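Just so it is clear, none of the values below were taken in a lab; they were calculated from the coordinates. Just so we're clear, the structure is a prediction, and the values are computed from it rather than from any experiment. Heads up, the Cβs are rebuilt from the backbone with ideal geometry, glycines too, and the neighbour counts pull from every protein chain shown.
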Amino acid sequence: MMRSWGNRVDTFVCDEPLYAHYLKTTGLDHPGANEVINHHETDPEKVIASLTGQIPQDKTIYYQKHMAHHLLPNLNRDWLSKVTNCFLIRDPQEMLISLIKNIPNPTIEDTGLPQQLEIFELVKAQGNTPPVLDSKDVLEKPGEMLALLCDAISVEFQEAMLSWQAGPRETDGIWAKHWYETVEKSTGFQPYRPKSELIPGNLKDLHKQCLQIYQQLAEHRLGI
């Protein structure tokens, strides 16, 4: 999705701007954690000020890719009312299979789902139900789903969002070498292919927790 929006001429993209603060605060042993902390801004107030300030490079759209769990409980949520919030969800089984490749024993907080639901309910309480996209829907019908998203946030859809050049981007976080191998090879949305791997037995209860939250968010997804 970040590649899609980054291919628009009117859009500046930002990659997980609160990740360094999240790692510094939690002390979690993520791939390349020290490098992330040393390379990116760790002061959340400075990060939030940049996210709600002037859009870089004189662009008119500021696409900010966030992981919901990076918004730690100690951070003020008021700034969320200054941005347009959209939510991308993924089938918990497929999400967990991917997650454990880098985080072998994730917790429910590591999945970001409880935080997604919290932020979703917070934004909804402000008066408008924010748009929700399911990653499977996007892969199966990228043009249709992106058009629906653009319509939901009053942005003109552009065909440029459907294909892009392969390779890294200057806007990618320094963690790209650990997480973005497939993204860097992509030139568009790949056809949806269900994962055949099974969830390890020790993650069955976690999967059930994730599924309950996923289903709550999925009730609001675009295209249904």
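Quick notes on this structure:
- Lys124/Ser154 FRET efficiency (R0 22 Å; Cβ-Cβ; nearest 0.05): 0.75
- Choice from Ser98, Ser186, Ser196 showing the highest fluctuation, given a GNM over the chain with Cα pairs closer than 10 Å: Ser196
- In Å, descending, principal axis extents of the Cα set of the stretch 1-49: 37, 25, 15
- Where the alpha-carbon atoms of the stretch 1-118 are placed on the principal axes, they occupy 42, 29, 27 Å, in descending order.
- Considering only alpha-carbon pairs that sit under 8 angstrom and 6 or more positions apart, the relative contact order computed for the stretch 47-152 is 30 percent.
- Number of Lys-Lys pairs in the chain with C-alpha atoms under 16 Å apart and a separation of 8 or more places or on different chains: 8.
- Each of Thr26 and Glu144 was given a label point 7 Å from its Cα along the Cα-to-Cβ line. The distance between the two points is 3.5 nm.
- Over all orientations, the stretch 139-178 has a Cα convex hull whose mean projected area works out to 4.1 square nanometres.
- Stretching Ser81 away from Leu162 to a fully extended chain increases their span by 26.3 nm, per 0.36 nm per residue minus the current alpha-carbon distance.
- Taking all Cα pairs closer than 8 Å and separated by 6 or more residues, the relative contact order of the stretch 2-218 comes to 27 percent.
- Ala218 paired with Tyr192, simple spin-label distance in nm, labels 7 Å along Cα-to-beta-carbon: 1.0
- All-pairs alpha carbon distance profile, the stretch 53-98, 5 Å steps from 0, percent: 4, 13, 20, 22, 17, 13, 8, 3, 0
- Projecting the Cα positions of Trp179, Gly127, Asn202 onto the charge dipole of the stretch 105-206 (unit charges on Cβ atoms of Lys, Arg, Asp and Glu, taken about the Cα centre) puts Asn202 furthest along the positive direction.
- Ordering of 22-30, 111-119 by packing [mean C-beta count within 10 Å, highest first]: 111-119, 22-30
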